[in-house]
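Notes for the one structure printed next.
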Amino acid sequence: MRRPIALFTALLAGLVLAGCGAGPSQVHSAAIVGDRSVPLDDVQQEIDWLLDNVPQAQQAQRQGKVDMYAREVVRGRVVHELAQIAAEREGVRADPAEIDELIRGSGGADQVSRSAGVEPDRVRDLASDQVVLQELARKYLGSLSVDLLGTVVTGDEPGNSAKEKATALGRRIADDPDRARATVRQTGHQLVDEELDFAETLQNDPELATTAVFGSQQGTVVVVQPSRQRAGWLVGLVTERRTAEQADAEAAEPQVNPEYLYFAGLRMLQPIAEEVGVRINPRYGVWDEAALAPAPNEDELTGRLLRSRTVNS
């Protein structure tokens, strides 16, 4: 049995707190995932638990900065719904014994609930989701690859950041995907034209492997920043996304950090989220499909997924 070492979830102590967001409640759901509702009352109950039991949350409350905690609660519940759908569709499951061992190895339910920022009643869901996502990533190792055509945009300019330039270029490519190669060359940027294997990328460039590149369907223009440590925004048209009928059973599983394996599995939820749709109650912001998480507003999206018409073969 493969055993993850610890739960990989955003620690409340590591969150960068921002100003408190607001928005009118129009429905009784904090989020809607396909036909599944994340009840608003359940999310508020979990936020209240954090404020009663987690010192960092209490400090944030005194500063009037609780919105990051609220969005993380919503994110976790949306991921749980998506992971359940993925488990049903993909035939993966979380072994109860593995869930128990994961919780024990992470310090027990009480420790996990405080460090990960979830109610004690949700610790088992959190652990189950992690096991499912790691198994989901393993399922696609050796079977998933994408063809990417684009470039990397660097250099902020007054009134025109690298992110803004990358988004503008992405829109140009999405408007005329058949001319993507010529469009990139016209900008003077170096052309990127690669076939990317999921397993190899996860080993050699795990940050790239866990971006929207591998979760996007054919014809999508991805505008993302693959790494906070390396300058540049990737603008890439996914000209083809392939999943083999069956992964090579004889191929050795690549040696991958379990944390990256978890985030790679999380990325495999992207096509499901796109298909069923995710809507966030405005009080928690908007759905950032590139990050698979709520963002405070449209201006703070971590990236863009721009749909083009089908690319000619």
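Meeting the requirement of 3 or more residues that are open to solvent by less than 50 Å² (accessible area, probe 1.4 Å) and closer than 22 Å to residue 90 by Cβ, the helices (runs of 4 or more DSSP H) wholly within region 121-230 are 123-140, 198-204. Criterion applied to 95, 121 was being without any contact (Cβ under 8 Å) to a residue 24 or more places away in the chain, within 27 Å of residue 34 (Cβ to Cβ) and more than 17 Å from the chain's Cα centre (by Cα), and the one residue passing it is 121.
Residues are listed down the side, and each one gets a yes or a no for (1) of a type in the set (Val, Ile, Thr); (2) under 30 Å from residue 52 (Cβ atoms); (3) modelled with pLDDT under 95:
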{"position": "107", "(1), (2), (3)": "no, yes, yes"}
{"position": "119", "(1), (2), (3)": "no, yes, yes"}
{"position": "142", "(1), (2), (3)": "no, no, yes"}
{"position": "152", "(1), (2), (3)": "yes, no, no"}
{"position": "157", "(1), (2), (3)": "no, no, yes"}
{"position": "161", "(1), (2), (3)": "no, no, yes"}
{"position": "172", "(1), (2), (3)": "no, no, no"}
{"position": "179", "(1), (2), (3)": "no, no, no"}
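Per-residue answers, yes or no, for (1) charged (D, E, K, R); (2) over 28 Å from residue 289 (Cβ atoms); (3) part of a helix (DSSP H, G or I); (4) open to solvent by 20 Å² or more (accessible area, probe 1.4 Å):
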| site | (1), (2), (3), (4) |
| --- | --- |
| 50 | no, no, yes, no |
| 69 | no, no, yes, no |
| 72 | yes, no, yes, yes |
| 98 | yes, yes, yes, no |
| 107 | no, yes, no, yes |
| 111 | no, yes, yes, yes |
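Among residues of region 284-293 being of a type outside the set (Gly, Ala, Ser) and touching a strand residue (DSSP E or B) at 6+ places or on another chain (Cβ under 8 Å), the one that is nearest to residue 71 (Cα to Cα) is 284. Only residues that are surrounded by 16 or more Cβ atoms within 10 Å (Cβ to Cβ) and either under 24 Å from residue 47 (Cβ atoms) or at pLDDT 95 or above (or both) were counted in region 292-313, giving 11.
The values are calculated or read from the model by the stated rules, or taken from the named source; none is laboratory data. As the structure is a computational prediction, the values presented were derived from the model and not from experiment. Please note: Cβ atoms are built from the backbone with ideal geometry, for glycine as well, and neighbour counts cover all protein chains shown. Only protein heavy atoms, including side chains, enter the accessible area calculation; ligands, DNA and RNA are left aside. Shrake-Rupley method; radii C 1.70, N 1.55, O 1.52, S 1.80 Å.
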